[in-house]
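What follows draws every value from the coordinates through simple rules; no lab data is involved. Given the structure is predicted, the values throughout are model-derived calculations rather than measurements. Backbone-built Cβ (ideal geometry, glycine too); neighbour counts: all protein chains shown.
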Amino acid sequence: MIEEIKVTQEKYNQYTERLKYLETEARAQVADEIKTAKEFGDLSENAEYAAAKDRQVQIETEIAKITDILMHIEVLNMDEVCTDCVSFGSKVKLFDKENNEEIEYRILSTLEASSRNNIISDQSPIGKALMGRKKGETIKVKTPGGEIEFKILDITK
């Protein structure tokens with residue numbers, strides 16, 4: 001059983017838009033592909049038909065997955081994000097003592113984690129270590145690359 005998954009409104013919208021596309025346009029396209037492929041004759045040796053059926057399975061699998069995710073999503077209300085301590089949805093400015101640099105992370109779910117956008121999961125080693133901590137605190141985090149020490153400089157929404 002999947003627990004409630006918090007996501008931003010933007011991520012929720014992405015899922016609902018993707019589901020709508022799959023249920024309408026993608027299904028219609030693959031139905032047309034199957035119909036066209038059937039016209040080529042013998043289905044047992046029809047590569048186009050097999051490819052279209054495979055695509056249909058992929059679409060239906062993705063629809064089922066997204067539907068399941070949407071049933072368990074809770075949209076994050078940014079007004080409820082606390083800035084007294086690090087919480088889900090917080091933007092945290094840190095000082096990385098080892099590299100002598102500042103870095104900023106937003107803490108969201110694994111569905112939205114993106115190293116390119118400095119979004120870390122609340123389930124990642126750094127995310128877990130930051131949760132509940134306050135501005136000015138120093139934390140040590142064990143990561144796959146070794147232990148890292150951070151000082152929390154600021155917490156915002």
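The listed residues are Tyr49, Tyr21, and the only one of them that is out of contact with any Asp or Glu (no Cβ under 6 Å at 6 or more places or on another chain), within 30 Å of Glu112 (Cα to Cα) and of a type in the set (Ser, Thr, Tyr) turns out to be Tyr21.
In the range 1-49, how many residues are within 30 Å of Ser90 (Cβ to Cβ), part of a helix (DSSP H, G or I) and not hydroxyl-bearing (Ser, Thr, Tyr)?
Within the range 1-49, residues that are within 30 Å of Ser90 (Cβ to Cβ), part of a helix (DSSP H, G or I) and not hydroxyl-bearing (Ser, Thr, Tyr) number 8.
Among the residues of the range 13-70, the one identified as touching a residue at least 24 places away in the same chain (Cβ under 8 Å) and loosely packed, with under 12 Cβ neighbours inside 10 Å is Asp68. Only one of the listed residues (Ile107, Ile126) is under 13 Å from the mean Cα position of the chain (by Cα) and within 17 Å of Val141 (Cα to Cα). That residue is Ile107.
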